[in-house]
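Asks: Below is the structure I would like to discuss, written out as structure tokens.
Taken together, the values in this text are just the output of simple stated rules run on the coordinates, not laboratory data. These figures come from a predicted structure and were not determined experimentally. Glycine gets a Cβ as well: all are built from the backbone with ideal geometry, and neighbour counts include every protein chain shown.
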Ligand SMILES: Cc1cc2nc3c(=O)[nH]c(=O)nc-3n(C[C@H](O)[C@H](O)[C@H](O)COP(=O)(O)O)c2cc1C
Ligand code: SF4
Ligand code: FES
């Protein structure tokens, strides 16, 4: 059994008896894999007595769920009003130019998936960004450059033989 | 050992509080002065974060905003002894005017205690509201909430007691249904409005207060199961809440027999997935049920047929977190604050381009100007303040001429304002109000649940029409078109998403028309 199947099965087993299990299952899978693999959709549908179309419908309704793998890091820039008032539009343009990608795209080296988010609850010290589970405030273009330099200089971890990427 | 506080609130962490805590601990140990480090919530004085506090015989001394590199200098200056001789010393925390001049009822404990410490919570009056409620009949609990005058803090300001009474009296029997007999408490912690963070601050700084409020709600209406629907953009709050839930359960405040009373209350956290509309209560219910977050037609009210078709109390975090105070201190103590039909306090949130951003809890009736100037200290950029959006993305943009109205629910709506969840977003004179109006339509386009045409299609048209106005194409025709479009959205939308998106658009046009009358750019007119 592949990792992917094991993760899907585990997520289903953990939640299937809980009411309204679909979102928690999708979250559990995406937390571990960075996305919801299309192959897990029929399994989820079967376990919850839903159609595949229902599961797809839910996945596409919510901005957060991805059906394609993300980069090693997910970088979200807040585009909501309080951050607009602190210059997030410039930050957004700067970041897209520096990374060479737009929203919902991943850099060629697979390092970063760039996304937009509406409010991280850090509205008094914006512009705010989220890098994976870390929220960072007062992000000027210069600070963004340092942040991105930090990611790029992290050496690639060498996987032990047989490990999965 | 000296006790030192370094917050673990998201905003403090976003400004390197973890690194500050680490430098402090190693630096202090190095000097042979090991400290007892408490990771508290935030006091809500965000411009001073990370705000480090040191216990002294006179009270807690405040130092902020502290960067990791400031730590050695602060230690040299005798911070651990509470010495004031450092430029970052703010004096005793409680005497900082911003905090001293507030009326903290709901946020009395946030930033003071260790958020997950049950001892801290109990020692600061925690669980006393619950203990009072356990000795009362359900009707009496509902009466207390009604008499306090508490209204919903999530946006619609509906009287909490009335909602609770409806659920108390609702019949949960649904022959044949798996959930027959069940009632629910659903806490709306989706906090989607830009410029708001009060729910987050409370959940990160005083999670037991929310838990206590929800257990009391359960006792009041006969619900044995609750959910906290938390936005997924709050990973730090999720971690703290889940830890608090586990501890509360181990200590017997949650579970089959709350405090040994034989009455059950089970509580769990569920995460949203990045959809603004899931803050609308019926859409939230669909999301909790594992569906797309589509807005439901009312009636039936959620109080009659809510989660899984069962009677459900839906309240905002702040509404529920106000309940322990009311049960502990009595309904009158709460109702003594406020004005008119707006009783108690409102946690206002100063955000955007503001010098002293943060949380200001005050009785209703304060003016916007007091908040913006006396508390907020003007803009962060130092430029002139030009527009203020109150009440979230569906709230109006208000110019300076509107900043002197006392803010209570009724009075403020007379001047076209909306208190909503209490968010106040400040813009300086560099703002382009046409761009803000365009964004309001764009946001609606992105976040509409898609159920009604005026909202789904209207928002797309709205962006196009505003683009043409900005580009100076057939201005008058397009202005009329925009007006018609707004009216269609207002009249034909099922919920406030479509129905109130015209607020920011119309107010921008009305108060800042000059921004819509720029000469046409020569190329790429209106692109983007
Ligand atoms: C588009 C939309 C978004 C909303 N977002 C939130 C939200 O994020 N949090 C919240 O508590 N209420 C939100 N509300 C209000 C809820 O529908 C509901 O009135 C509230 O949760 C009831 O709790 P309360 O009476 O304690 O305020 C929203 C309403 C609409 C129309
Ligand atoms: S107004 Fe918009 S968000 Fe509200 S129900 Fe209609 S389509 Fe959905
Ligand atoms: S508006 Fe950007 S963090 Fe809230």
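Asks: Suppose each label sits 7 Å from its Cα in the direction of the beta carbon; what would the residue A:18-residue A:89 distance come out to in nanometres?
Replies: Rounded to a tenth, the inter-label distance reads 4.1 nm.
Asks: For n ≥ 4 DSSP H runs only, could you compute -39500 (n - 2.57) per run for the protein assembly as shown, divide by its residues and tell me the 222 nm figure to the nearest 500?
Replies: Rounded to the nearest 500, the figure is -11500 deg cm²/dmol.
Asks: Further question on the same structure: Among DSSP beta bridges lying fully in the range B:118-335, give the percent that are antiparallel, nearest 5.
Replies: Restricted to the range B:118-335, the bridges split so that about 10 percent are antiparallel.
Asks: Here is a further query. Within 10 Å, count the other beta carbons around each residue, average over each peptide in B:341-349, A:77-85, and list them highest first.
Replies: Packing order, densest peptide first, comes out as A:77-85, B:341-349.
Asks: Please state, as a whole number in µm²/s, the translational diffusion coefficient that the Stokes-Einstein equation yields for the range B:118-335 at 10 °C and 1.306 mPa s, with Rh defined as the Kirkwood radius across alpha carbon pairs.
Replies: 93 µm²/s
Asks: Next question. Using only Cα atoms, what is the ratio of the radius of gyration of chain B to 2.2 N^0.38 Å?
Replies: 1.01
Asks: In the range B:338-428, what percentage of the DSSP-assigned beta bridges are antiparallel, given to the nearest 5?
Replies: Percent antiparallel among DSSP bridges in the range B:338-428 is about 80.
Asks: What is chain B's relative contact order, in percent, from Cα pairs under 8 angstrom and six or more apart in sequence?
Replies: Computed over chain B, the figure is 13 percent.
Asks: Turning to a different aspect of this structure: Taking the Cβ-Cβ separation of residue B:119 and residue B:339 as r and a Förster radius of 25 Å, what is the calculated FRET efficiency to the nearest 0.05?
Replies: Given R0 = 25 Å and the Cβ-Cβ separation, E is 0.10.
Asks: Can you give the mean number of other chain Cβ atoms that lie within 10 Å of the Cβ atoms in peptide B:340-352?
Replies: 2
Asks: What Kirkwood hydrodynamic radius do you get for the protein assembly as shown when you take the inverse of the mean 1/r over all pairs of distinct Cα atoms, in Å?
Replies: 26.2 Å
Asks: While we're on this one: Could you give the spread of the C-alpha atoms of chain A along their three principal axes, from largest to smallest, in whole angstroms?
Replies: Per principal axis, max minus min of the Cα coordinates gives 49, 42, 22 Å.
Asks: Right, next: How big is the Cα convex hull of the range B:323-399 in projection, averaged over all directions, in nm²?
Replies: 6.0 nm²
Asks: Using alpha carbons only, how many degrees (0 to 90, rounded to 10) separate the axis of helix A:22-33 from the longest principal axis of chain A?
Replies: Roughly 60 degrees between the two axes.
Asks: Here's another thing I want to ask about it. Which whole number gives the average count of other chain Cβ atoms within 10 Å of the Cβ atoms across peptide A:133-145?
Replies: Per-residue shielding by partner chains comes out at 3.
Asks: Now, a different point. With no solvent and one equal point scatterer per Cα, compute the Debye intensity ratio I(q)/I(0) for the range B:433-524 at 0.12 Å⁻¹ and report its log10, rounded to two decimals.
Replies: -0.32
Asks: Could you work out how much longer the chain between residue B:257 and residue B:100 gets when fully extended? Use 0.36 nm per residue separation minus the Cα distance between them, nm to one decimal.
Replies: In short, 52.5 nm is gained.
Asks: Could you check the simple spin-label distance between residue A:9 and residue B:177, using points 7 Å along Cα→Cβ, in nm with one decimal?
Replies: Each label point is offset 7 Å from its Cα along the Cβ direction, giving 3.6 nm.
Asks: Additional query: Just report the Cα centroid separation between the range B:266-344 and the range B:225-255, whole Å.
Replies: Measuring centre to centre over Cα atoms gives 16 Å.
Asks: What does the structure give for A:63-71 when I average, per residue, the other chain Cβ atoms found within 10 Å of the residue Cβ?
Replies: What the average comes to for A:63-71 is 2.
Asks: Report the calculated FRET efficiency for residue B:266 and residue A:68 (r = Cβ-Cβ distance, R0 = 30 Å), to the nearest 0.05.
Replies: The computed FRET efficiency comes out at 0.25.
Asks: OK, next. Angle between the Cα long axis of helix A:3-15 and the longest principal axis of chain A, 0 to 90 degrees, nearest 10?
Replies: Approximately 80 degrees, to the nearest 10.
Asks: Using only the Cα atoms of the range B:244-308, construct the convex hull and provide its projected area averaged over every direction, in square nanometres to one decimal.
Replies: Hull-based average projected area comes out at 5.6 nm².
Asks: Continuing with this model, one more query. What whole number of Å gives the distance from the Cα centroid of the range B:149-190 to the Cα centroid of the range A:16-49?
Replies: 29 Å
Asks: Would you please state which residues of the range B:370-391 a label at residue A:145 would reach in this model, taking the label point 7 Å out along Cα→Cβ and a backbone N cut-off of under 16 Å?
Replies: Zone members listed by number: none at all.
Asks: Taking the Kirkwood radius as the inverse of the mean 1/r across Cα pairs, report the Rg/Rh of the range A:73-156.
Replies: That ratio equals 0.94.
Asks: Tally the DSSP beta bridges in the protein assembly as shown and give the antiparallel ones as a percent, rounded to 5.
Replies: Of the beta bridges lying entirely in the protein assembly as shown, close to 55 percent run antiparallel.
Asks: Expressed in nm to one decimal, what extension gain is obtained for the pair residue B:2 and residue B:25 from 0.36 nm per residue of sequence separation less their Cα-Cα distance?
Replies: Taking residue B:2 through residue B:25 to full extension adds about 7.1 nm, to one decimal.
Asks: List the pair-distance distribution P(r) of the range B:2-100, using every Cα-Cα distance, as the percent of pairs falling in each 10 Å bin from 0 up to the bin containing the longest distance, rounded to whole percents.
Replies: Percent of Cα pairs in each bin: 17, 57, 25, 1.
Asks: Please compute the Kirkwood hydrodynamic radius of the range A:3-61 from all pairs of different C-alpha atoms, in Å with one decimal.
Replies: Evaluated on the range A:3-61, it is 11.1 Å.
Asks: Still on this structure: Determine by what factor the alpha-carbon radius of gyration of the range B:170-217 differs from 2.2 N^0.38 Å, reporting the quotient.
Replies: 1.61
Asks: Could you tell me the distance between the Cα centroids of the range A:85-134 and the range B:413-428, to the nearest Å?
Replies: Cα centroid to Cα centroid, the span is 27 Å.
Asks: Right, next: Note the angle between two axes, namely the Cα long axis of helix A:141-153 and the longest principal axis of the Cα atoms of chain A, as a number of degrees from 0 to 90, rounded to the nearest 10.
Replies: 50 degrees
Asks: May I ask you to derive the FRET efficiency for residue B:414 and residue B:83 from their Cβ-Cβ distance with R0 = 56 Å, giving the value to the nearest 0.05?
Replies: E between residue B:414 and residue B:83, to the nearest 0.05, is 0.65.
Asks: Something else: Need the full-extension length gain, residue B:128 to residue B:58, defined as separation in residues times 0.36 nm minus the C-alpha distance. One decimal, nm.
Replies: 22.4 nm
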